[in-house]
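What follows is a single structure, written as structure tokens, with notes after it.
The values are calculated or read from the model by the stated rules, or taken from the named source; none is laboratory data. Predicted model, so just to flag it, every value in this text is computed and none were measured. Positions of Cβ are backbone-derived with ideal geometry, glycine not excepted, and every protein chain shown enters the neighbour counts.
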Amino acid sequence: MAVGATGFFDGVHVGHRLVIETLVSSARERGEESLIITLWPHPRLVLQNGALDLKLLNTLDEKIDLLKGLGVDRIEVLPFTEDLSRMSTSEYLSQIVRDRFGCSAVLLGYDNRIGHDMISPERTAVLAGELGLDVICTDKVSSVGIAVSSTKIRRALQAGDVELASKFLCYDYRLQGEVVHGKKLGRTIGYPTANLELSEPLKLVPAAGVYLSDVSIGDRSFKGMTNIGKTIETHIFGFDEEIYGQTIGISFVKRVRDEKSFASIDELKEQLSQDELNCKNLIFGL
């Protein structure tokens with residue numbers, strides 16, 4: 001048997017973590033398995049309701065890794081389909097949570113709505129009890145003292161406030177992708193860059209500007225500065241290797257400045273030198 005929680009869990013942020021911590025501890029107390037039932041793809045992609053502007057905080061693999069890292073025993077990815085979208089809360093609880101995945105109890109967040117009828121968590125709890133499921137509820141206040149949502153994190157990233165996003169996420173926001181060929185202008189002025197092609201096109205890209213970043217290449221880690229404009233380019237400090245075709249990860253630590261235009265190559269080079277100095281001062285706490 002299992003104690004289950006269900007939802008999209010985009011970002012696996014501090015609000016989700018309150019739910020997950022309660023899930024894991026409750027399952028252990030009952031001597032049962034902790035289970036997350038998550039959805040993929042995002043419902044809006046299936047229902048075509050605003051899918052054109054949909055941006056995600058996590059890829060599916062990132063989400064699964066984050067959930068596993070929080071001690072969840074079992075993660076089930078439920079394909080979101082039009083048929084699933086037509087399920088009522090009662091049908092979802094009985095057919096999916098109880099019968100398909102063997103849950104004896106369901107954990108409900110303060111704003112959990114899990115059927116097309118979109119009934120309140122309070123009414124959902126009543127229905128779950130009628131179906132023989134125990135109900136465990138969580139508070140809306142997270143460990144940072146406020147109700148955190150994926151929407152608030154997206155807004156922070158769209159404003160370039162990666163530090164606020166990191167506070168809400170409990171980790172630095174990350175992009176991953178393949179290093180592809182660019183114009184190679186940076187190489188000619190002493191600032192070669194790795195140009196990133198996202199592995200997940202739906203991942204939200206932070207606001208344009210220059211950021212201090214952490215760079216992962218395989219099992220190696222580096223510091224760098226990342227410029228977001230028409231492309232995503234990272235100059236990796238102290239690094240001089242050909243990595244075209246390799247997958248790298250970029251984690252955003254702090255925004256250094258807005259994006260700007262330059263009247264000459266010399267002006268660009270001078271600014272890049274200042275950007276590097278500013279980033280290294282941040283790294284060494286100067």
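When VAL205, VAL215 are checked against the criterion of being surrounded by fewer than 21 Cβ atoms within 10 Å (Cβ to Cβ), out of contact with any Asp or Glu (no Cβ under 9 Å at 6 or more places or on another chain) and at pLDDT 95 or above, a single residue qualifies: VAL205.
Answer yes if at least one residue in region 133-143 is under 20 Å from the mean Cα position of the chain (by Cα) and crowded, with 17+ Cβ neighbours inside 10 Å, and no otherwise. Write out each step before concluding.
Taking region 133-143 as the starting set, the residues that turn out to be under 20 Å from the mean Cα position of the chain (by Cα) are 140-143.
So of that shortlist, the ones also crowded, with 17+ Cβ neighbours inside 10 Å come out as 142.
Scanning region 133-143, I find at least one residue that is under 20 Å from the mean Cα position of the chain (by Cα) and crowded, with 17+ Cβ neighbours inside 10 Å, so the answer is yes.
So which of PHE239, PHE222, PHE168 ends up being over 22 Å from SER261 (Cα atoms), surrounded by 13 or more Cβ atoms within 10 Å (Cβ to Cβ), of a type in the set (A, V, I, L, M, F, W, C) and out of contact with any strand residue (DSSP E or B) (no Cβ under 9 Å at 6 or more places or on another chain)? Every option except PHE168 fails the conditions.
Every residue, every condition in (1) of a type in the set (S, T, N, Q); (2) under 13 Å from PRO206 (Cβ atoms); (3) in contact with a His (Cβ under 7 Å, 6 or more places away or on another chain), yes or no:
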site	(1), (2), (3)
ASP219	no, no, no
GLY224	no, no, yes
ASN227	yes, yes, no
ILE236	no, no, no
GLN246	yes, no, no
SER261	yes, no, no
ASP266	no, no, no
ASN278	yes, no, no
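In region 231-249, how many are closer than 11 Å to TYR211 by Cβ and either assigned to a loop (DSSP other than H, G, I, E, B) or not assigned by TED's automatic domain parsing to the domain that holds PRO192 (or both)? Total satisfying the criteria: 0.
Only one of the numbered conditions (1) touching a residue at least 12 places away in the same chain (Cβ under 8 Å); (2) within 21 Å of ASN281 (Cβ to Cβ) is not met by TYR244, and that is (2).
Of LEU39, LEU70, LEU35, which residue is in contact (Cβ under 8 Å) with a residue 60 or more places away in the chain, touching a helix residue (DSSP H, G or I) at 6+ places or on another chain (Cβ under 9 Å) and at negative phi?
On the way: LEU39 fails: in contact (Cβ under 8 Å) with a residue 60 or more places away in the chain; LEU70 fails: in contact (Cβ under 8 Å) with a residue 60 or more places away in the chain.
Going through LEU39, LEU70, LEU35 in turn, just one is in contact (Cβ under 8 Å) with a residue 60 or more places away in the chain, touching a helix residue (DSSP H, G or I) at 6+ places or on another chain (Cβ under 9 Å) and at negative phi: LEU35.
Name the single residue that is modelled with the lowest pLDDT among those in region 19-51 being within 16 Å of LEU169 (Cβ to Cβ) and crowded, with 21+ Cβ neighbours inside 10 Å.
From region 19-51, those within 16 Å of LEU169 (Cβ to Cβ) are 19-21; that's our starting set.
Keeping just the survivors that are crowded, with 21+ Cβ neighbours inside 10 Å gives 19-20.
Values: VAL19: 90, ILE20: 94.
By that ranking, first place goes to VAL19.
Scanning region 250-282 for residues that are surrounded by fewer than 12 Cβ atoms within 10 Å (Cβ to Cβ), part of a helix (DSSP H, G or I) and of a type in the set (A, V, I, L, M) returns ILE265, LEU277.
Give me the residue from region 52-73 that is within 22 Å of ALA2 (Cα to Cα) and surrounded by fewer than 16 Cβ atoms within 10 Å (Cβ to Cβ) and, out of that set, nearest to the chain's Cα centre (by Cα). So, considering only residues that are within 22 Å of ALA2 (Cα to Cα) and surrounded by fewer than 16 Cβ atoms within 10 Å (Cβ to Cβ), the one nearest to the chain's Cα centre (by Cα) is ASP65. Residues that are over 18 Å from GLU21 (Cβ atoms), within 26 Å of the chain's Cα centre (by Cα) and surrounded by fewer than 17 Cβ atoms within 10 Å (Cβ to Cβ) within region 102-114 comprise just one, ARG113.
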